[in-house]
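Notes follow once the structure below has been shown.
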Amino acid sequence: MAAEADRHLVRRAQSELHNGKLADKAPKSAAGVRPVAFPAELVPELAHHLEHFAGAGQDGHLFKGPRGGLLRRSNFRDDWTAARAAAGVSDDVHFHDLRHTGNTLASSAGASTRELMTRWATAPPGPH
């Protein structure tokens, strides 16, 4: 992740392949390489996370596994389940639902269609 003030650039994604191997790859589309904006109130928390919990350097992963290696879906699922329970959130809420909630809140706060499309990593309509 490349940092710029209250924005971070998503340049790649990690996938867990059917054979169990982990691989870094480009996002599914060119629109997937995008800046992700954070409210100013979260920037200190994000900076703390990047310094203490994320992989080192510009190519470091945002989340690491329990022993410092790459994070597997099963490790993350366990952490998500524990965090959801600690917060009193229903088992029906999935991690990906947070993306929908964030974009709904951004829309309610007045984000433009273009800003929402960038957040969703959706390419604009028309020829590409």
Worksheet item: How far, in nm, would the chain grow between W120 and W80 when pulled straight, counting 0.36 nm per residue and subtracting the alpha carbon separation?
Response: 12.2 nm
Response to the item:
Along principal axes, largest first, the alpha-carbon spread of the chain in whole Å comes out as 42, 35, 30
Item to complete: From largest accessible area down, sort K64, K21, K28; use a 1.4 Å probe on the protein chains.
Response: K28, K21, K64
Item to complete: Normalising by the residue count of the chain, find the relative contact order in percent from Cα pairs under 8 Å and 6+ residues apart.
Response: 21
Fill in: Surface/4 of the Cα convex hull for segment 81-120, nm²
3.2
Item to complete: In nm, give the distance between the simple-model label positions of Q58 and A109, each being 7 Å from the Cα along the Cα-to-Cβ direction.
Response: 2.8
Response to the item:
With every protein chain kept in place and a 1.4 Å probe, the residues W120, W80 fall, from largest accessible area down, as W120, W80
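The values are calculated or read from the model by the stated rules, or taken from the named source; none is laboratory data. Just so it is clear, the model here is predicted, and its values are computed rather than measured. Backbone-built Cβ (ideal geometry, glycine too); neighbour counts: all protein chains shown. What goes into the accessible areas is simple: the full protein's heavy atoms, side chains included, and nothing from ligands, DNA or RNA. Shrake-Rupley method; radii C 1.70, N 1.55, O 1.52, S 1.80 Å.
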